[in-house]
Amino acid sequence: MNMKCNKCNKEAIIFQKYSGMHLCKKHFIEDVERKIKFTIRKHFNIQKNDIIAIALSGGKDSAVLLYMLHKLFDKRPDIELIAITIDEGIEGYREHTLKIAKELTAKLGVKHIIRSFKDEFDTPLDDIIAQEREKGACSYCGVLRKTLLNKTALEVGATKLATGHNLDDEAQTILLNHLRGDVSRMVKLAQPHALEGLVLRAKPLRYIPEKEVALYAIVSDLTVDFSECPYAHEAIRGEVRNMLNVFEVAHPGTKYSLLKGFDTMAPIISKEYLNVELAKCRICGEPCSFEICQACKLLGRE
Amino acid sequence: MSIKVNLKVLAGGTSEQTIEVEENTTYECLLDDLEINQETVIVLKDGQAVPLDGTVTSSDLTILKIVSGG
């Protein structure tokens with residue numbers, strides 16, 4: 001039996017359990033775009049003369065992000081979009097997404113900057129991971145990637161830095177921080193405010209479930225790559241993801257509940273929990289909360 | 001009566017098989033039987049996405065595993 005769209009009676013392509021709605025292609029696209037526009041309006045105050053840097057890995061999330069921001073802001077002469085891709089140096093994985101990223105920016109006519117760990121930190125991620133190390137691969141990659149993204153965004157004069165985090169990513173991070181009892185990270189995850197030396201973060205896809213980002217990419221004919229980073233199995237995040245997915249199936253709406261609860265709580269804990277003043281790293285000069293930044297610590301520059 | 005389905009699972013690599021399911025089986029039930037969490041996949045029937053509460057009909061089905069980019 002074919003399911004019909006609740007809005008127009010055409011054949012549905014998705015059943016959103018959390019909303020009880022069946023949606024056809026047209027109304028699914030509308031639903032995703034409405035949520036993204038709402039998120040941008042409510043959380044990320046895009047202003048005249050903004051330069052929006054977009055972290056573009058070439059994966060489905062960042063591809064959808066760039067596609068949507070281009071759709072929304074391409075006609076605005078006062079807003080500039082610049083895609084930034086970080087080539088961490090993961091052989092057999094990144095080359096492919098890098099190619100997708102290049103093709104997408106060429107197709108949309110968006111300025112594209114590519115920076116690599118090798119040029120910036122003198123060493124590709126594969127070499128860092130091959131060495132004796134204390135932490136999981138994602139800790140190194142995440143810290144170094146964020147540092148280089150922020151630095152590049154500052155260099156091009158970006159006023160916002162948009163990333164493709166989806167609902168699943170956000171719900172996982174919230175739960176992970178709770179499981180670790182890490183309140184300082186919860187405060188950092190709270191709606192960002194302007195800090196000297198850090199480009200303001202924006203996550204326009206944070207209300208879109210991962211599945212729907214993927215489906216949106218497919219129905220919008222975006223080239224997407226569903227291969228997985230070879231280091232992904234090392235992260236504890238995978239365990240949290242599985243747990244949340246089991247919960248979501250049994251109790252639809254769990255991911256949204258986690259995010260909405262956190263968004264209500266975040267401003268309250270942020271007020272009580274002292275915001276750290278940002279200093280400059282003694283070694284590289286990048287903004288950080290301690291004397292030496294995480295990136296320099298991980299690279300053993302002390 | 002059972003229904004024949006050509007099933008392709010795309011998860012890193014590709015695996016193909018022909019399976020038989022009972023009449024009135026939903027895509028959700030099929031995924032449960034295959035021990036695949038429905039939050040992690042998109043099901044395509046003859047190349048088109050389908051709502052998972054729909055019932056399986058004789059066709060070419062693709063189960064596409066989605067993973068986080070980044």
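When segment A:81-123 is limited to residues that are out of contact with any helix residue (DSSP H, G or I) (no Cβ under 6 Å at 6 or more places or on another chain) and polar (S, T, N, Q), the one that is nearest to A:His70 (Cα to Cα) turns out to be A:Thr105. Tell me, please, whether a residue that is out of contact with any strand residue (DSSP E or B) (no Cβ under 7 Å at 6 or more places or on another chain) and touching a residue at least 60 places away in the same chain (Cβ under 8 Å) can be found in segment A:4-14. No: segment A:4-14 contains no residue that is out of contact with any strand residue (DSSP E or B) (no Cβ under 7 Å at 6 or more places or on another chain) and touching a residue at least 60 places away in the same chain (Cβ under 8 Å).
Might you let me know whether segment A:53-68 holds any residue that is of a type outside the set (A, V, I, L, M), touching a Pro at 6+ places or on another chain (Cβ under 6 Å) and closer than 26 Å to A:Gln294 by Cα? Within segment A:53-68, none of the residues are of a type outside the set (A, V, I, L, M), touching a Pro at 6+ places or on another chain (Cβ under 6 Å) and closer than 26 Å to A:Gln294 by Cα. Taking each residue of segment A:46-58 that is more than 13 Å from chain B (Cβ to nearest Cβ) and looking for partners that are of a type in the set (Asp, Glu) with beta-carbon atoms closer than 6 Å, six or more apart or interchain, yields A:Lys48/A:Asp78; A:Asn49/A:Asp78; A:Ile51/A:Glu80.
Looking across segment A:26-45, the residues that are of a type in the set (A, V, I, L, M) and within 14 Å of another protein chain (Cβ to nearest Cβ) come down to A:Ile29, A:Val32. When A:Asp182, A:Asp168 are checked against the criterion of being out of contact with any Phe, Trp or Tyr (no Cβ under 7 Å at 6 or more places or on another chain), crowded, with 21+ Cβ neighbours inside 10 Å and either modelled with pLDDT under 95 or not aromatic (Phe, Trp, Tyr) (or both), A:Asp168 stands alone in meeting it. Looking only at residues in segment B:15-39 that are within 13 Å of chain A (Cβ to nearest Cβ) and more than 28 Å from A:Leu167 (Cβ to Cβ), which one is nearest to the chain's Cα centre (by Cα)? Among those that are within 13 Å of chain A (Cβ to nearest Cβ) and more than 28 Å from A:Leu167 (Cβ to Cβ), it is B:Thr25. Of all the helices (runs of 4 or more DSSP H) wholly in segment A:153-250, which have at least 3 residues that are farther than 30 Å from B:Gln48 by Cα and of a type in the set (A, V, I, L, M)? Of the helices (runs of 4 or more DSSP H) lying wholly inside segment A:153-250, those with at least 3 residues that are farther than 30 Å from B:Gln48 by Cα and of a type in the set (A, V, I, L, M) span A:167-180, A:183-189. Taking the criterion of being charged (D, E, K, R) and either facing chain A (nearest Cβ under 7 Å) or in contact (Cβ under 8 Å) with a residue 40 or more places away in the chain (or both), the residues of segment B:40-64 that qualify are B:Asp53, B:Asp60.
Of A:Gly181, A:Gly197, all but one fail to be touching a residue at least 12 places away in the same chain (Cβ under 8 Å), at positive phi and away from chain B (no Cβ under 11 Å); the exception is A:Gly197. Filtered by the rule that a residue be more than 13 Å from every other protein chain (Cβ to nearest Cβ) and free of Cβ contacts under 8 Å to residues at least 40 places away in the same chain, segment A:146-169 gives a lone residue, A:Glu155.
The values are calculated or read from the model by the stated rules, or taken from the named source; none is laboratory data. Computed from a prediction, not measured in an experiment: that's the story for all the values here. Heads up, the Cβs are rebuilt from the backbone with ideal geometry, glycines too, and the neighbour counts pull from every protein chain shown.
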